[in-house]
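Report on the following structure.
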Amino acid sequence: MQTLLIVDDDPAIREMFSTLLTDEGYKVISASGGTECLDHLSRTTPDLIILDIMMHPVDGWETLELIRKNPATSQIPAIMFSGKSPSCKEIIQYGGWIEDYLMKPLGMLTITGSLDAVFERRRFDMAAHQHYLQNGADPELVDEYLRMRRFLFIHDKFPCDPGEDSEGTGWVTRRRKARFEELRRVLAALGTDKKPDPDLPVG
Amino acid sequence: MKVTVILIVEDEFITSAAIKSDLIEMGYTVPLIVDNGQAAIEQAGKLLPDLILMDITLRGKISGIEAAQVIREKYSIPIIFLTAHSDDLTFHKAIQTEPFGYIVKPYESVSLRTGIKMALFKHSMETKLRESERTVLALLNATPDALVLIDRGKKIVAVNDPMCRRLKKTCAELEGSSITDVIPSGILYPGEEMIDDIFSAGRSFCLEDEHGGTWYETTVYPVLEPDGSIARLAIQSHDITWRKNVEEQLKSVGIEQIEHNMEQFQILNDQIRTPLQAIMLYLSRGEHKYRLQIEEQVKIIDTIVVKLDKGWLESEKVHSFLLRHYHQDMDSRSNPGISKEGRT
């Protein structure tokens, strides 16, 4: 059974998520803010964290940063779940750190569908990770490759192209895309005997 | 008609009497004859004559040349030397005091008459010239702007007091020296190439520059000669620190306001969508008669929030635009002359 950690300052959301996702077969724990979330994480390791953003005093992005900085929790997949759309800056800064960004309000079917997709991508990532490491890849390069892939996934979902290079974003995206392709070539050259499922989305 | 007063300094009584009668005949007023240098200096101050006829060899400690020097410095009264000495050494010494004439005794009435007329005319011209110089200087220094006039060799032809003060040098030090030597490149005056460019193109040029916390707007104007050529450039540098500060403040206030607006947008979007999400979740539990209708209404509200979202994204663009320009200013101030790293 997969464990989900729901972090949201709205009690109705917490309560309904717990009820509905338990019905779906997940084990659900919840936290009302960033501090409580980190408290949970010090005791248990969920399979996925669903993070609200607009929370006080520690908001969702700050919580995510703290989670990623701690080696014990840095690998736990996270989804952002917010009523506001992400800014370009947020996509650039955190895109590589999250599995998905969901915008409220969503129907339950969409939510469970997203969760399934996230877990599937995650399984693919783990398989790819293992595959490349077995073929002698540098773990840091593999991590960077997966980070770029996550960033490009979020960037595709929330296209953030202000159309001006000097804005920074267009430039960062281009460079990251190039880096992603480069890493993909490097990793693909390592071994061709046992490739991970090629049909899964990569960008 | 204006009376022209002449003071005679001569220690030979017969000579002085002859000169006096000659002068009176010519229509001049001679109120006094003195016979030594000390008295000459004193009377020059009291009478302020229009001209002094000065013998070089006098009784007493002070020679005619020395007395002439003091009078010239103190009162700027024109002096004609009248002497029997015509040797080179004496003449050379006398010349140092910039006399208005040098008449060798025994003189002829005609040479005295023309000598005096020439001296008075020359002196009146010099006075006029000095007055017009003072007027020009008063105009030049009446402005707080720094002004410099340079020639094609980039030598400083003229400079006003504010510029001297700004460079912490005396105007005498600055005049004649090369502008590139006394003014560090990049501040207060445009670069050398730009100056060459203005000489050849003949168009004025304006730039804003910062130095030691002060902002200057420097304009370079070509100065047209009567034949239409450009032999000199005038550089005017105006302190615009106050204006710059106001601009900076406006910018930062603008950025703050937009940041505040963006935050409000974010809070509003989230505050509206979170209850919508709760409604959607409640709907998924059990069967509702109007489930589809309620979901439809939720979608309508969400569409409105999407519009708010767009406003927020627009604000973000304006915000990063402002920040970019704001930081560019900050960068160029800390690194004058260093161009920004290209981002391509």
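The values are calculated or read from the model by the stated rules, or taken from the named source; none is laboratory data. Bear in mind that the values here come from a model prediction, so they are computed numbers and not experimental data. Reconstructed Cβ throughout: ideal geometry from the backbone, glycine too, with neighbour counts over all protein chains shown.
Within the span defined as segment B:175-182, every residue fails to be surrounded by 13 or more Cβ atoms within 10 Å (Cβ to Cβ) and in a strand (DSSP E or B).
Residues satisfying the criterion are absent from segment A:151-172 (criterion: at pLDDT 85 or above, out of contact with any helix residue (DSSP H, G or I) (no Cβ under 9 Å at 6 or more places or on another chain) and within 14 Å of chain B (Cβ to nearest Cβ)). Filtered by the rule that a residue be within 13 Å of chain B (Cβ to nearest Cβ), over 12 Å from the mean Cα position of the chain (by Cα) and assigned to a helix (DSSP H, G or I), segment A:88-112 gives A:Cys88, A:Lys89, A:Glu90, A:Ile92, A:Met108, A:Leu109, A:Thr110, A:Ile111, A:Thr112. Out of all the residues in segment A:8-29, which are among the basic types (Lys, Arg) and in a helix (DSSP H, G or I)? Correct list: A:Arg14 only.
Under the condition of being of a type in the set (S, T, N, Q) and more than 20 Å from A:Cys37 (Cα to Cα), the residues counted in segment A:74-117 number 6. The residue of segment A:70-87 that is nearest to A:Ile49 (Cα to Cα), among those that are within 11 Å of chain B (Cβ to nearest Cβ) and of a type in the set (Gly, Ala, Ser), is A:Ser82. Out of the residues in segment B:183-242 meeting the condition of being surrounded by 13 or more Cβ atoms within 10 Å (Cβ to Cβ), of a type in the set (A, V, I, L, M) and modelled with pLDDT of 85 or more, tell me which one is farthest from B:Leu167 (Cα to Cα). Taking the candidates together, the pick is B:Ile230.
Looking at B:Trp312, is it of a type in the set (A, V, I, L, M, F, W, C), buried (at least 18 other Cβ atoms within 10 Å of the Cβ) and away from chain A (no Cβ under 12 Å)?
no
The residues of segment B:60-91 that are farther than 17 Å from B:Lys105 by Cα and surrounded by 21 or more Cβ atoms within 10 Å (Cβ to Cβ), listed by number, are B:Ala67, B:Ala68, B:Ile71, B:Pro78.
Condition (residue is closer than 29 Å to B:Glu131 by Cα and under 39 Å from the mean Cα position of the chain (by Cα)) applied to segment B:17-38: is it met by at least one residue? No, segment B:17-38 has no match at all.
The test for being within 14 Å of chain B (Cβ to nearest Cβ) and out of contact with any Gly (no Cβ under 8 Å at 6 or more places or on another chain) holds for A:Ile50. Counting the residues of segment A:13-44 that are touching a Phe, Trp or Tyr at 6+ places or on another chain (Cβ under 8 Å) and either within 12 Å of chain B (Cβ to nearest Cβ) or of a type outside the set (Val, Ile, Thr) (or both) gives 2. Applying the criterion of at least 3 residues that are without any contact (Cβ under 8 Å) to a residue 24 or more places away in the chain to the strands (runs of 3 or more DSSP E) found wholly in segment B:30-104 leaves B:101-104. Condition first: at the interface with chain A (Cβ under 7 Å from one of its Cβ atoms) and under 16 Å from A:Asp52 (Cβ atoms). Now tell me which residues in segment B:275-309 satisfy that. Within segment B:275-309, B:Leu276, B:Gln277, B:Ala278, B:Met280, B:Leu281 meet the criteria.
Screening segment B:255-308 for residues that are assigned to a loop (DSSP other than H, G, I, E, B) and of a type outside the set (D, E, K, R) and picking the one that is surrounded by the fewest Cβ atoms within 10 Å (Cβ to Cβ) gives B:Gly286. The C-beta contact set for segment B:298-318 (first residue among the hydroxyl-bearing types (Ser, Thr, Tyr), second residue modelled with pLDDT of 75 or more, distance under 8 angstrom, 6+ apart or interchain) comprises B:Ser315/B:Ile258; B:Ser315/B:Asn261; B:Ser315/B:Met262; B:Ser315/B:Phe265. The requirement of being farther than 23 Å from B:Glu126 by Cα, at pLDDT below 90 and in the same structural domain as B:Leu129 (by TED's automatic domain parsing) is fulfilled nowhere in segment B:72-79; no residue meets it. Select from segment B:215-274 the residues that are in contact (Cβ under 8 Å) with a residue 40 or more places away in the chain and within 14 Å of chain A (Cβ to nearest Cβ) and list them in ascending order. Answer for segment B:215-274, where residues must be in contact (Cβ under 8 Å) with a residue 40 or more places away in the chain and within 14 Å of chain A (Cβ to nearest Cβ): B:Ile258, B:Glu259, B:Asn261, B:Met262, B:Phe265, B:Gln266, B:Leu268, B:Asn269.
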